[in-house]
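K.L.:
Below is a structure I'd like to ask you about.
The values are calculated or read from the model by the stated rules, or taken from the named source; none is laboratory data. Keep in mind that what you see is a predicted model, and the values were worked out from it rather than measured. Glycine also receives a Cβ, built like all others from the backbone with ideal geometry; neighbour counts cover every protein chain displayed. With ligands, DNA and RNA removed, areas are computed over all heavy atoms of the protein, side chains included. Shrake-Rupley method; radii C 1.70, N 1.55, O 1.52, S 1.80 Å.
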Amino acid sequence: MNAFERLRKRLYDPARDLQERMFLLITMTGEISLVLVLIGDILLGENIVEIAVLAWTVIFSPIVSFLCLQRHKLKVGSILIAFTVIFVVMPVTFFFGGGLNGGAVIWFSFVFLYIGLLLNGAWRYIMMALISALALVEYYIAYFHPEFIVKHSDSMFYLDSLVSVLLIGIVIYVMVWFQNRMYLSENKRAKEEAAKVEELNLAQNRFFSNMSHEIRTPINTIIGLNEMILRENISDEVAENAANISSASKMLLHLINDILDMSKLESGEMHLSEAPYHPGDMLSELVGMLWLRSRQKGLEFHVNIAPDLPSELTGDEVRIMQILINVLSNAIKYTKEGSVSLSVQCGERSGNILNVIYTVTDTGMGIKKEDIPYLFTAFRRVDESENRHIEGTGLGLSIVRQLVDLMHGDINVNSVYTKGSTFIITIPQKAVTEQHIGEIRIENMNVTGKMREYTPKFEAPDARVLVVDDNASNLLVVKKLLRDTKVNVDTASGGAEALKKTLNNEYHVIFMDHLMPEMDGLECHRNIRSQVGGRCRGSKIVALTANAGGDSRLLYEREGFDGYLTKPINGDELERELCRLLPNDIVYISGNDDEIFEETISWLHSDHVKKNIIITTDSVADLPEEIIERYDIAVLPHKVKTDDGMFRDGTEIETDGLMKYMHDESHKVSTVSPGVKEHEEFFAEQLQRANNVIHISISGKVAGSGCPAAKEAAEVFDNVTVIDTGHLSSGQGLIVIEACRLAEMQKTPAEIAEALEAVKNKVKTSFVVDNLDFLARSGQVSPGIAGITKSFMARPVLMMKKGDLSVGKIYFGSRDRVWRKYIDHVLRNKNSIDDEILFVTYVGLTKHELDEIREYTESRMKFRKIYFHKASPAIAVNCGAGTFGLLLKRR
């Protein structure tokens, strides 16, 4: 390999630092240019001093470059060469090479390029200052003392400058070309690496998903057929064995879910699925699973449930149960003798939101104090020497921590080594009913090993059901589980067979597997809906699949499925879902149990009937809680990003605390609007409650607006309308209220959207702020403008005009004087103002200041209702303390 090839390889070697390659290239091109200049000077007969200095530089530069490259001292080499050029080469070539009538001045551009590309930090600024100073000195001397400069003839000037221009042009071209090529190369490499990582993550997720699906299928058969055994009149010994099989199968399923969920949590794809549930039923199933395990170890198992716990809550039942299973399993696993206790209590309550406190106490080995910080670390087991014989994946408590955080809850650990541990888990949930759960005793739960006497929830001998699944065992399980309901069940082993049956037979409900060969469940669902001459185009179709998770649920909702059940199938859930979907005139409720009756006819209840239209908005709409509850408005929170993490607007961070945090100017705070995926999930959730969603969004033109993401997300749905209000804060809230009133008047989505276009122009949004410091910190105005307004005691008024937030007016003087002038200006044309509602939205004001604002406002104009509302943290970030606005609507 020749020298040129070695040099070329070194330049394009991606393993080498880019700075090293740039140093090599610029030194090489500069050296070649110097050699050519030297040859030119000799041929042109330049001054001997200039020729000698250039010759010395031609020798000195490569030696320094070589030594620095060998010893990895690029910074030292760059500084030495820069000093040589600035203090030796440039002055000599200028004074002995014709001054302004020579080629030296053109080489200033090369020196600036060299400094900019190869130096960094303080040295870059030092060298830039030196070369700039040199240029000033040389031009000064050339103008005032030209006698110090060796003159050039005209012909010499033209030749010298021509050579310099050509050489500098070539050098700059090579530099820019090489840097651009390196940028494109590095960018390509980065994209390839990102694609590999993405592919790896996708492959991992596919593996976990496929593994979950493949394992769930045989577990479905085991649990389903085992449930049929428990329904029969069998001996106590067989019942106990069957109960053990059921418990072990559910624990195996729980371990599979842990592995799958860990993958989702790491990739940020875990989402909650909140819905009403009965905590008594959940706890009964939970105790039934774990009581047998504790008994097998000879441990006492105590359960204490507070009687004032609401009988129905809204939360993610599956995830709450997963948390409790993990903590209780750990307690049983690490306790050799004594007891394990579960206590459930009600904590603080605000409105219909209450903190449910789950306390798990054991008399096990406890946890060392130094090990507690590592307790929630995945794949790490504390006190390894003592616990090496204990089985487990090492994922349980790590998942618990992340799930609790996802639910905005809290988990605390109290432990004394060798004495035992107590885990206290607090999870906020919504109370659906004021009815209490009452006294629940352990003997009333299914922990005896024998199943309660089975009674079908309903009978429907005229109902026809089709089950589609490529696994014969799954078909058998569903048929057997529905046997006592007297429902007529047909089966199909694939999509093609299902389409043949739906062409000639009418089925009330179809249970459809997803992953099937040749034609999957989604395609089969679409074909049934569009089947020419088919008799099931309007039938209810339920996804019955081993694909678990919130993403799967969202997929089936988008595809238009009427329900979603996961394998392994629970007999009670299967009956409940079928009963919900069957026509009520062919369903006969069996038994007199009130609870069964309530569950079975839940679809008759008005609170489970979908609304026609639901109005949704952002947390930055600054609406009082009473209005949100009155109109049942769904609110999607924005987020506030600080140096300490990301917080949900209004729930995880409040305005006063944020203002105190921002007093320290070193603290960086910004707002983050929900992304497309968050909007999609939010809309899908709301479509479970209503047929249409109208989302009233913040102006799409303000910085960090979530409106573009909302509009993009709405494209996925046929019945979601996003309204860009052109306003923010309570100005946006006024439009939300108007939308709610129009929805109550039974207006269609199109009529509401059209009416709101007119309302947008009537709403007036403005705020008077103490200064522009906070807007400057968020990058919306320059710090210079903020400083000028502050120095002149100027208090700007921010106004929304055509969707943009801008400074509309500026007042000068004391705060009280400015506030009065602002109120006078806003309320100047009283006859044109709608006097029904006035919002006074504020940041960081005292009660005394608010009372003064109320008193002066009411002296100027009477309103039927004035809402004083603290601005959300996401709004306050940009305004700062001492801000308030009068937000109203004109007639």
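K.L.:
Over the heavy atoms of residue 28, what accessible area does a 1.4 Å probe trace out, to the nearest 10 Å²?
P.N.:
Near enough 60 Å² of accessible area.
K.L.:
Using alpha carbons only, how many angstrom separate the centre of the range 814-891 from the centre of the range 421-437?
P.N.:
Measuring centre to centre over Cα atoms gives 39 Å.
K.L.:
Got a sec? What order do 115, 424 fall in by accessible area at 1.4 Å, biggest, i.e. largest, first?
P.N.:
Final ranking, largest accessible area leading: 424, 115.
K.L.:
Keeping all protein chains in position, work out how much accessible area residue 867 exposes to a 1.4 Å probe, and write it in Å² to the nearest 10.
P.N.:
That residue has around 30 Å² of solvent-accessible surface.
K.L.:
Roughly speaking, what is the centre-to-centre gap between the range 114-182 and the range 282-304 when only Cα atoms are used, to the nearest Å?
P.N.:
What the calculation gives is 84 Å, centre to centre.
K.L.:
So, one more: Can you list the lysines whose alpha carbon is less than 18 Å from that of residue 500, not counting same-chain residues fewer than 8 positions off?
P.N.:
540
K.L.:
Probe radius 1.4 Å, ligands and nucleic acids left out: which of 562, 371 has the largest accessible area, and how do the rest follow?
P.N.:
Largest accessible area first, the residues go 562, 371.
K.L.:
In nm, to one decimal, how far is the modelled label at residue 503 from the one at residue 758, with both set 7 Å along Cα→Cβ?
P.N.:
Here the answer is 5.4 nm between the modelled labels.
K.L.:
Something else about it: Mind scanning 480/567; 457/486; 191/641; 188/677; 801/889; 711/865 and naming the pairs with a C-alpha gap bigger than 23 Å?
P.N.:
Result: 191/641; 188/677; 711/865 exceed 23 Å.
K.L.:
Follow-up. Between residue 865 and residue 559, what's the calculated FRET efficiency when r is the beta-carbon distance and R0 is 41 Å? Round to 0.05.
P.N.:
After rounding, the FRET efficiency stands at 0.35.
K.L.:
Note down the nm distance, to one decimal, between modelled labels 7 Å out along Cα→Cβ at residue 39 and at residue 185.
P.N.:
Roughly 2.7 nm, to one decimal.
K.L.:
Could you check the spin-label model distance between residue 794 and residue 165? Points 7 Å from the Cα along Cα→Cβ, value in nm.
P.N.:
4.7 nm
K.L.:
Which order, highest average first, do 614-621, 857-864, 833-840, 510-517 follow once you tally other Cβ atoms within 10 Å for each residue and take the mean per peptide?
P.N.:
614-621, 510-517, 833-840, 857-864
K.L.:
Between residue 825 and residue 532, what length comes free when the chain is fully extended (0.36 nm per residue of separation minus the Cα-Cα distance, one decimal in nm)?
P.N.:
98.8 nm
K.L.:
Same structure, new question: At 0.36 nm per residue, and after removing the present C-alpha to C-alpha distance, how many nm does the segment from residue 846 to residue 229 gain when stretched out fully?
P.N.:
Full-extension gain reported as 215.2 nm.
K.L.:
Here is a follow-up. From largest accessible area down, sort 633, 48, 63; use a 1.4 Å probe on the protein chains.
P.N.:
These residues rank, largest area first, as 48, 63, 633.
K.L.:
So if R0 is 41 Å, what FRET efficiency would residue 430 and residue 198 give, r being the distance between their Cβ atoms, rounded to the nearest 0.05?
P.N.:
0.65
K.L.:
Full extension from residue 133 to residue 48: what is 0.36 nm times the residue separation minus their Cα-Cα distance, to one decimal in nm?
P.N.:
So the extension gain works out to 28.0 nm.
K.L.:
Shifting gears a bit: Keeping all protein chains in position, work out how much accessible area residue 479 exposes to a 1.4 Å probe, and write it in Å² to the nearest 10.
P.N.:
Here the residue's solvent-accessible area equals roughly 90 Å².
K.L.:
On to the next question. Calculated FRET efficiency, residue 72 and residue 122, Cβ-Cβ r, R0 22 Å, to nearest 0.05?
P.N.:
Rounded to the nearest 0.05, the efficiency is 0.60.
K.L.:
Follow-up. How big is the C-alpha Rg of the range 25-138 next to the rule-of-thumb value 2.2 N^0.38 Å, as a ratio?
P.N.:
Expressed relative to 2.2 N^0.38 Å, the Cα Rg reads 1.04.
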